[in-house]
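The values are calculated or read from the model by the stated rules, or taken from the named source; none is laboratory data. Please read all numbers here as calculations on a predicted model, not as lab measurements. Because the Cβ atoms are built from the backbone with ideal geometry, glycine has one as well, and the counts that use them run over all protein chains shown. What goes into the accessible areas is simple: the full protein's heavy atoms, side chains included, and nothing from ligands, DNA or RNA. Shrake-Rupley method; radii C 1.70, N 1.55, O 1.52, S 1.80 Å.
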Amino acid sequence: MSAVIPVFDVEYEHPLPGNACDTRHAWARVPLEPSQEERAALKAKIRRLLKERNAAMVSHYYVHPDLQDLAEETGGIVSDSLEMARFGRDHPATTLVVSGVRFMGETSKILSPEKRVLMPDLDATCSLDLGCPIDEFAAFCDRHPDRTVVVYANTSAAVKARADWLVTSSCALDIVRALKENGHKILWAPDKHLGSYIQRETGADMVFWNGSCIVHDEFKAFELADLKRQYPDAKVLVHPESPPDVVALADAVGSTSGILKAAREMEAKEFIVATDNGMMHKLRTLNPGKVFIEAPTAGNSATCKSCAHCPWMAMNGLAAAARVLETGANEVFVDAKVIDRARVPIERMLAFTAALKSGKPAGSLVPNIGAA
């Protein structure tokens, strides 16, 4: 099963100077596609090892369809990063195989410190995580001591440990709105596009870390408008990590789960989708009678380096998943003190969203709604 693994550079530069780390030297190695025979053998091996190791597989929507299907076929889950971690916490398995990027494995470890957390490739990372190093971020927070620190899930365990609140794209609006109503000024990190979207929607007083996702940052409004003219009946679904002019063209703006919900509930038969194209597998599987078209990252105004798919998500493969299950390699470790502190903003978010889901006034029910 061993094969030479190609390595390519992912060039990424922040469009503006400011409070962010340059990630232009980021890279990814993408495994070769196995043959049909190899794929079948690897899947069978992983199924066997999951049972033998009392393990569960949790996969993100953006990884290879094989890993998404295998997770669901074996009693695991395909979801966003926080639901992956929550599912892993509540599952009786003693080992979790997290198919995604590094911060997802760390989040799973924070919520399940007693479990072994393995990843197909520990070098699979995220431009938002890379662009928010803890030393620089802590200094930024220290310059704004009067602000409540709210960080996005796409951050390291150390950055989460420095935060007051953690949010996902599905609950960020509700949490920031509640904080604003309680008189809080916000320090937001790391994605500036998601932050600016939340500020526009809530009117909150916010300062931003200058980070962006190399996938969503590349969607182009000019070309998207042209594509809309080609498909006049199509509805546009946009993830809020996209630039503001792209968000402005959306018929629905939402997280991965929000995009899935919109595609399911809207009556349109055609959709243009501005998020990582790994989502296309689940969208098409759940909506077989509908057509999904990738939003453009190329054209006259393009500087595309990601082309609608995260190169680090692409590092996850069947062979690597089988190897870590067999050998115990690529285990995720997080310092116990960091776990204790990082769990605070995560549990705060989980309590808030649980109250919200039950129809209760979450802002008044969750204790310590302000800074830690």
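Here are the numbers:
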quantity	calculated
Number of the exception - residue 209 against (1) within 17 Å of residue 290 (Cβ to Cβ); (2) within 22 Å of the chain's Cα centre (by Cα)	(1)
Hits in the range 255-266 - residues which are outside any helix (DSSP H, G or I) and at pLDDT below 95	255
Count of residues meeting criterion [basic (Lys, Arg), surrounded by fewer than 18 Cβ atoms within 10 Å (Cβ to Cβ) and part of a helix (DSSP H, G or I)] in the range 28-49	3
Among (1) in contact (Cβ under 8 Å) with a residue 40 or more places away in the chain; (2) over 17 Å from residue 83 (Cα atoms); (3) among the small types (Gly, Ala, Ser) - the single one residue 153 does not satisfy	(2)
Test: residue in the range 228-249 that is over 29 Å from residue 270 (Cβ atoms), hydrophobic (A, V, I, L, M, F, W, C) and either assigned to a helix (DSSP H, G or I) or open to solvent by less than 20 Å² (accessible area, probe 1.4 Å) (or both)	no
Among (1) under 20 Å from the mean Cα position of the chain (by Cα); (2) farther than 22 Å from residue 154 by Cα, the one test that residue 293 misses	(1)
Near pairs, Cβ below 8 angstrom, 6+ apart or cross-chain, from the range 115-133 (within 22 Å of residue 323 (Cβ to Cβ)) to any residue that is open to solvent by 20 Å² or more (accessible area, probe 1.4 Å) and acidic (Asp, Glu)	116/331; 117/331; 118/331
Some residue of the range 166-175 being over 22 Å from residue 342 (Cβ atoms), free of Cβ contacts under 8 Å to residues at least 60 places away in the same chain, touching a strand residue (DSSP E or B) at 6+ places or on another chain (Cβ under 6 Å) and not β-branched (Val, Ile, Thr)	no
Scan of the range 69-81 for residues that are buried (at least 24 other Cβ atoms within 10 Å of the Cβ) and part of a helix (DSSP H, G or I), ordered by number	71, 81
Of the criteria (1) open to solvent by 10 Å² or more (accessible area, probe 1.4 Å); (2) touching a residue at least 40 places away in the same chain (Cβ under 8 Å), which one residue 347 fails	(2)
In the range 83-107, the residues that are at pLDDT below 95 and of a type in the set (Val, Ile, Thr)	none
Breaking point among (1) modelled with pLDDT of 95 or more; (2) over 17 Å from residue 319 (Cα atoms), for residue 80	(1)
Flag if residue 327 is touching an Asp or Glu at 6+ places or on another chain (Cβ under 9 Å), at pLDDT 80 or above, open to solvent by 40 Å² or more (accessible area, probe 1.4 Å) and polar (S, T, N, Q)	no
Extreme residue, least open to solvent (accessible area, probe 1.4 Å), among residues of the range 277-296 that are part of a loop (DSSP other than H, G, I, E, B) and within 9 Å of residue 263 (Cβ to Cβ)	287
Subset of the range 98-110 that is in contact with a Leu (Cβ under 9 Å, 6 or more places away or on another chain) and open to solvent by 10 Å² or more (accessible area, probe 1.4 Å) - its residue that is farthest from residue 276 (Cα to Cα)	109
